[in-house]
Every structure is written in structure tokens, then in C-alpha cells.
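The structure appears below as C-alpha cells.
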Amino acid sequence: MTQYARTTAEISLHQFEVIDGLYSRLARMGDFMECTCPREWISLSNRLLDACIDAIGLDAVEAFESAEVCAADLICRALSSATMVTA
């Protein structure tokens, strides 16, 4: 568990939707070494990193192993929280 996961934060609905959409697209592409288009995978991963930084800040994102792990944590916590995502 990362230090960020133990803190409380709010993200906007728009930020959640962007992170969820990018993460879903990246997950459908599969692992970097097995995907059909590595450039697109890298581009999506970079956009996901930027979206996570915009949502929770660079310091919090750096506590995670990767943008994918950060996004997965944000999505899971947002879906299980009644107050994390704001309109």
C-alpha cells in the first residue's frame, strides 16, 4: 500500500473519466512487450501519467510504481468511495 492510498483526496468527475478511459484503453492493448503498436502504448501511458499528475499531483504519483498502478488505485478507490469524485 502506498502512502497516497492512506490519504484522502478528491478528484473531479472529468478527471476520473479521463483516467478511467485511458486506463481501459491501455489495459485492452495488453502488456507493452505483447502489444501490436508500441508507440501507441507509450503515448497512452504518457497521457495516463499526465492525467494522474493533474488529478493528484506529482508527489503522490511518484509514490506508485507506474502510471498504470496509480490509475488502477485511483479508479478502485473512486468506485468504492462516495466522496472521492466530485462534480
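The values are calculated or read from the model by the stated rules, or taken from the named source; none is laboratory data. From a predicted model like this one, the values you see are computed outputs, not experimental measurements. Cβ: placed from backbone, ideal geometry, glycine included. Neighbour counts: every protein chain shown.
Going through (1) on the phi > 0 side of the Ramachandran plot; (2) surrounded by 12 or more Cβ atoms within 10 Å (Cβ to Cβ) one by one, residue 9 falls short only on (1).
Scan the stretch 26-66 for residues that are among the polar types (S, T, N, Q) and farther than 25 Å from residue 85 by Cβ and the total you get is 2.
Taking the condition at pLDDT 95 or above, crowded, with 19+ Cβ neighbours inside 10 Å and under 11 Å from residue 11 (Cβ atoms), does residue 51 pass? Judged against the criteria, residue 51 is a match. Taking the stretch 63-87 as the range and being of a type in the set (Val, Ile, Thr) and within 14 Å of residue 24 (Cβ to Cβ) as the test, only 75 passes.
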